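Let me begin by presenting the structure, written as structure tokens, before commenting on it.
All of the numbers you see were taken from the coordinates with simple rules; none came from a lab. Everything quoted here is computed from the prediction, not taken from an experiment. FYI the Cβ positions are ideal-geometry reconstructions off the backbone, even for glycines, and counts take in every protein chain you see.
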Amino acid sequence: MAAPRSCVLWSYCVRRWSRLMRTGGPQWLHSSLPGGSLGVRLLSREKQATETHFGFETVSEEEKGGKVYQVFESVAKKYDVMNDMMSLGIHRIWKDMLLWKMNPLPGTQLLDVAGGTGDIAFRFLNYVQAQHQRKQKRQLRAQQNLSWEEIAKKYQNEEDLLGGSRVMICDINREMLKVGKKKALDQGHKAGLAWVLGDAEELPFDDHKFDVYTIAFGIRNVTHIDQALQEAHRVLKPGGRFLCLEFSKVNNPLISRLYDLYSFQVIPVLGEVIAGDWKSYQYLVESIRKFPSQEEFKEMIEDAGFQKVTYESLTSGIVAIHSGFKL
């Protein structure tokens, strides 16, 4: 008796499947397995997603945070001296220009991220104090009928020297904060300062808290720059301003060649001689080359939600100041 059609069909399918498996299986199945081309692509993407750069070295994202921490822990005590030596003192002008661009008024609430040694914070306090004193003098000139006692009282009111301005310094590195606190005491800065240990990617502050957010020579060391920018946007008040001073791309070919020569041949040597740390300054030089260009970083700031984003290149693009508003 002839076999039912269904049995014949089933037998054919079994034989066909066995033959395919002996030759490696069907192409669609092979591609979907982890060892296949599709699987390799997926695993590769997953691997890339967890890898980042530490200078020119490729490391895991978890590893980078620890390595960067060690760099700044190592250089903290010589950080300011090395800044002067590496930039021939020009970093002071760059930071002054950041404050001029900010032009804070008395009452401004500033968050300075990665600001451990206090360079931006102290400039801010000096700036708003000078602004407030000029305002007081104008008021006093307009009130010629005040007695000497009343005038003296106004000048002696220390609580009002900053006009209500405050700066919060946030840094992930304890050693950098220690150096900053010591500098504050040495320079006589007491009022208007607060120090917080915190991560730029996960700031320990409420939403809409600050008028201005600054980060100077710090954002290139962050593992997830996009996340740090989103956090900056979150903690700013509506109308608040983001300002970033960072190394960038040199726009003059001749200066670029000289700058590379100086960076790779001189700066690590200075690091070894002055700070006893070649590797940390080799990383700092390499990290500059891995940071996005002015235009690329501008797009990243816009992607974080900031508007009216602009930048100004300084010293032929060795550094740039980026600005954006939370509107």
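With the simple model of a label 7 Å out from the Cα in the direction of the Cβ, E295 to L258 spans 2.6 nm. In this simple spin-label model, placing a label point 7 Å from the Cα along the Cα-to-Cβ direction at both E63 and I274 gives a separation of 3.0 nm.
The relative contact order of segment 146-284, computed from alpha carbon pairs under 8 Å that lie at least 6 residues apart in sequence, is 17 percent. Amide H contacts under 5 Å for G164: G107, restricted to partners 5 or more places along the chain or on a different chain, H placed in the peptide plane at 1.01 Å from N. Scattering from the C-alpha atoms of segment 225-327 alone, worked out with Debye: what is log10 I(q)/I(0) at q = 0.20 1/Å? For segment 225-327 at q = 0.20 Å⁻¹, log10 I(q)/I(0) is -0.97. For segment 74-86, 3J(HN,Hα) computed residue by residue from phi via the Karplus equation (6.51, -1.76, 1.60; θ = phi - 60°) reads 6, 9, 3, 5, 10, 4, 5, 4, 5, 4, 5, 5, 5 Hz, glycine and proline entered as x.
D by Stokes-Einstein for segment 252-296, Kirkwood Rh over Cα pairs, 4 °C, 1.567 mPa s: 115 µm²/s.
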